[in-house]
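Shown next, in structure tokens, is the structure this report addresses.
Bear in mind these aren't lab numbers, they're just calculated from the coordinates by the rules spelled out. From a predicted model like this one, the values you see are computed outputs, not experimental measurements. Note: ideal-geometry Cβ built from the backbone for every residue, glycine included; neighbour counts use all protein chains shown.
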Amino acid sequence: MGIHSLRIQHALLVVFGLLAPVASASAQDGMQPIAVTPDALVWKDAPSLPKGAQTTIVAGDPTKPGMFVVRAKWPPNYRIPPHTHPNVEMVTVLAGTVFVAEGDKLDQGKGKMMTAGSFYAMPAGHPHYVWTGTEGATIQVQSIGPTAIDYVSRADDPRAQ
């Protein structure tokens, strides 16, 4: 068996090993099945994000302990300055194009282009920033709450303005 096969086996064990506790936990935590259609979503302005963003809660409650799913719509040429989250952030780009970069200073020359269908994840406390191109974007964030957004520079926080 080659090293590549061993790495694949290891990766599968890690994935399935991580999923098993989640499956058994959901059976124990009283979670009920849900199904949400796009027309049921209520979009609202997001005061913790720069003006122009709208968000909607798909499942869970990001202000409370437990799993949650939220979506965000960002307009064309939109930027979220360097920030962190107290938890792992897992993002799927649903529509449009998002650029994501790591660091505590916004530099649009360093971003990785993420088109619809792309996924990225940021570790807890890891400084990063994002922006859209000329078409805007819709993303979906999955994580475990409670969550927050903490801007690297207080001057960038729209709640402080």
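See the values below:
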{"item": "Cross-link partners of Lys64 among lysines (Cα-Cα below 23 Å; sequence separation of 8 or more within a chain)", "result": "Lys44, Lys73"}
{"item": "Packing rank of 43-50, 130-137, where each peptide gets the mean count of other beta carbons within 10 Å, highest leading", "result": "130-137, 43-50"}
{"item": "Exposure proxy ranking, count of Cβ atoms within 10 Å, fewest first, for Met67, Met31, Met114", "result": "Met31, Met67, Met114"}
{"item": "Rounded, prolate or oblate (a/c below 1.5 giving rounded, otherwise prolate when a/b exceeds b/c) for the range 32-87 by Cα gyration tensor", "result": "oblate"}
{"item": "The range 34-73 and the range 140-160: distance between their alpha carbon centers, rounded to Å", "result": "14 Å"}
{"item": "The range 34-160, relative contact order in percent, only Cα pairs under 8 angstrom and at least six apart counted", "result": "33 percent"}
{"item": "Cα radius of gyration and Dmax for the range 34-160 (Å)", "result": "13.7, 41"}
{"item": "Prolate/oblate/rounded label for the range 57-108 (Cα gyration tensor, a/c 1.5)", "result": "oblate"}
